[in-house]
Structure formats: C-alpha cells, structure tokens
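Comments concern the structure below.
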Amino acid sequence: MMSESNADGMMNPEPEREVVELEKLRKSVEELTRQVARLEERRKPDSLGWDDIAQEIVGAITFALPFIFTGEVWDVAKDISVERSLAIFLMTIGLAYLFLTKAQLGNLKREEIFHVPKRLITVALISYAVSAVLIYLFGIDYIAHFDAVQYFNATVIISTFAVIGAIAVDMVR
C-alpha cells in the first residue's frame, strides 16, 4: 500500500518543470552569447573601407552644397589673397587631423601612409575634389566670374565645410 506522501510525489510534475526551465535557461544563455558577440564586433576599430569612402563623399556633398550657392562666399573668394586661402587650407587640415586622431569621437582604426592618417588623406582629397567639381558643375565659376585664383579660393573656403561634413558622417557608425 502506498502512503499518501509517496502518492503526492508521483503526482508532482516537478521534474518536467525543471526540464522546461533548463531549456528556457539554455535559450537565454545562447541569446546572451549572440548579443555579446555582436557587442564585441562593434567594439573593434573601424578600418577604412569603401563604406567609409561613400560616407565621406555624402558628408562632403551635404555640407558643401549650401555654401556653394552663397553670394557671401563668392565675395570672400574674390577678395582674399592666396596666402589667406593657404592659411585656411592649413587650418582646415589641422582641424581635420585633430578630429581624426586626437578627439577620439569615433572608434576608428589608426591607419597611416607615411605617418599621415589614411582618413585625413581621403577626407581632404574627397572634400576638395567635391567642392571644385560642384563649383564647376553648377556653373558658379561662370556666374560669379571667377578667375583661376578666385576659383581656388572658393574651393578652399567651401572645402572647410566639406571636410567637417565628411568627417562627421564618416564617424557615424
């Protein structure tokens, strides 16, 4: 004859609940493992790639376009000397260098060519090329009656904003 306490033990579904709970726990651990792997992937420094080049182009165009159509920029480009344009160029490159190497705003991999950060080279080339092409493409050089020096000045002035835009959009991940 079974005792009443023994019958209660046989009717109790505790082992089945434990199996279900263990399965839930196993699935939770697997999900946490996947999430940790994704977080570790995000922590890796971003190497310069085609996606970054595309972001730099988009940033340069986006930030340069409003200034291309501004008459005040045209007037400044006509009035400043080449020396001042070169000073603006150096200031812009210096600012870009500080953003890319010292500010640590993004998780960027440090890659260099001849001790110059690759991103600085790509940002500068893209920004100055975008500015010069947009000035030509929209006929601003013709409308504002730029000579070669004034065209150079306008490119340098507009590129100041294009560089900032290229860096800002490139740092977004």
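Using the Cα centre as the reference, give the magnitude of the dipole from point charges on the C-beta atoms of region 52-96 (Lys, Arg: +1; Asp, Glu: -1; all else neutral), rounded to the nearest 20 debye.
In total the dipole reaches around 60 debye.
Taking θ = phi - 60°, what integer Hz values does the Karplus form 6.51 cos²θ - 1.76 cosθ + 1.60 yield along region 127-143, in sequence order, with x for Gly and Pro?
Once θ is set to phi - 60°, the couplings for region 127-143 become 5, 5, 5, 4, 4, 5, 5, 5, 4, 5, 4, 8, x, 5, 4, 6, 5 Hz.
Go ahead and run the numbers for FRET between Trp50 and Lys102, Cβ-Cβ distance against an R0 of 22 Å, rounding to 0.05.
For R0 = 22 Å, the calculated efficiency reads 0.30.
Once the dipole of region 61-173 is set up with Lys and Arg at +1 and Asp and Glu at -1 on Cβ about the Cα centre, which of Thr122, Ile80, Leu65 lies farthest towards its positive end?
With unit charges placed on the Cβ atoms, the residue in question is Thr122.
Using the Kirkwood radius over Cα pairs, work out the Stokes-Einstein diffusion coefficient for region 48-171 at 10 °C and 1.306 mPa s, in µm²/s as a whole number.
Diffusion coefficient, whole number: 109 µm²/s.
At a 10 angstrom cut-off on C-beta neighbours, averaged per residue, how do the peptides 157-163, 137-143, 93-99 rank from highest to lowest?
So the order, starting with the most tightly packed, is 157-163, 93-99, 137-143.
Using the basic label-point model (7 angstrom from Cα toward the beta carbon), what is the Ile93 to Leu39 distance in nanometres?
So the two model labels end up 4.2 nm from each other.
What FRET efficiency, computed as 1/(1 + (r/R0)^6) with R0 = 41 Å and r the Cβ-Cβ distance, is obtained for Phe114 and Thr62, rounded to the nearest 0.05?
So, using R0 = 41 Å, E works out to roughly 0.85.
What FRET efficiency do you get for Phe69 and Glu31 if R0 is 41 Å and r is their Cβ-Cβ distance, rounded to the nearest 0.05?
So, using R0 = 41 Å, E works out to roughly 0.20.
For labels at Val20 and Glu83 in the simple 7 Å Cα→Cβ model, what's the distance in nm?
8.5 nm
Among 113-119, 84-90, 164-170, what's the highest-first ranking by average C-beta atoms within 10 angstrom per residue?
Put in order of decreasing packing, that is 164-170, 84-90, 113-119.
Using 0.36 nm per residue, how much length does the chain from Ala148 to Val133 gain when fully extended, once their Cα-Cα distance is taken away?
Separation in residues times 0.36 nm, less the Cα-Cα distance, equals 4.0 nm.
A short reminder: the numbers here are calculations on the coordinates, not readings from a lab. All values reported here derive from a predicted model rather than from experimental measurement. Here Cβ is always computed from backbone atoms with ideal geometry, including for glycine, and neighbour counts include all displayed protein chains.
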